[in-house]
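Please treat every number below as a calculation from the coordinates, not as lab data. Since the structure is predicted, the reported quantities are computational estimates derived from the model, not experimental observations.
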Amino acid sequence: MQMTILGLGQIGASFGLALAGQTKNVERVGYDPRLERSRQAQKIGAIDRISTNLPDAVKNADIVVLALPVDEIRDTLQTMASVLPERCVILDTTPIKSPTSQWANQMLPKERFYITFTPALNPIYLNEEDSETVNAHADLFKDGIITITTPPGIEPDAIRLASDITRLLGAQPLFTDPLESDGLMAASYLLPKLAAVALLNATIDQPGWREGQKLAGKAYAQATQPALSSDETKEFGQSVMLNRENVLRALDNLIAALHSLRSAIEARDSEALAALIQHARQGREAWWKHRQARDWEVHPATEIPGSGEVFARMIGLRAGKKPK
């Protein structure tokens, strides 16, 4: 059985590493437009074989994992649509769900099963600074969740396969509505990046920045780092524009929070300012505690399936291929 991983940054390479013990059941084929990433992924054992041609990489695939930047997804779907085998399962790790699902519905032929499959990282790696291949980990998804959305009418076996692979990766599946998921991602994933962009643009062009940059330290570095973590390679901001309405609501909430801080400071209301800061600190501490403990139940607990069982399900799914 062949699993093709398209995109070999941290997510794609970690996916391959997590399945390194399954090489008797599956061949991991890797493709990345940046060839050096492919070579690095093979060097660390994340893939078994490199493909340098996208159609060749997917033409015999049973499972395709999309771990590409958002602005490469549409063209990738279009390129591979004509060569994807019938009843292939596509797992898309893109953090934007509704637009990519619409693209897949428009471009992919029938009997190709597109599923969004977006992982939350193991909390021990939340402070890593970038998403390159060198930061791939076999346990990157361990004890986390992977949000899964599916189009109407998809075969139940394809959904079960996605759920089983989630558990093989060490995570729990969270089945969500794509619109709900996009709203959550706007607030927790895209807003921090935009806040970092805003902070940079509010400081780097000020007259005092020539001297101020010499004093900018840990707080500034940590707060602005998300601006460097892009979901795109060329069309910067596309992930935001594709999730526009949800992002606008999240920005309005941020603006309102900033206005509350400004009002307290302008009024010299030390008590109100302290209360806002304390409320934020307590919320952050509570989130971090739960995130580290990983103590929330997101799906009815089930036993982790054996690898043979999972890939047998894939064989069964492909065996259901309808005669022409």
Compute the length gained on full extension between Leu199 and Leu179: take 0.36 nm times their separation in residues and subtract their Cα-Cα distance, giving the result in nm to one decimal. 4.3 nm
Most mobile of Ala280, Ala120, Ala171 in a GNM of the chain (Cα contacts under 10 Å): Ala280
Crossing angle, helix 156-168 versus the chain [Cα axis fit, 0-90 degrees, rounded to tens]: 60 degrees
If you build a Gaussian network model of the chain, linking Cα atoms that sit under 10 Å apart, which residue out of Ser163, Ser38, Ser188 swings the most? Ser188
Enclosed volume per residue, in Å³, of the convex hull spanned by Cα atoms of the chain: 149 Å³
Helix 307-319: inclination vs the chain longest Cα principal axis, degrees, rounded to 10, gives 60 degrees
Report, please, the projected area of region 180-293 averaged over directions, based on the convex hull of its C-alpha atoms, in nm². 9.5 nm²
Whole-angstrom gap from region 13-30 to region 73-113, using each part's C-alpha centre: 21 Å
Could you pull out the pairs from Lys214/Lys289; Lys142/Lys218; Lys218/Lys289; Lys43/Lys97 whose alpha carbons sit more than 26 Å apart here? Lys214/Lys289; Lys142/Lys218; Lys43/Lys97
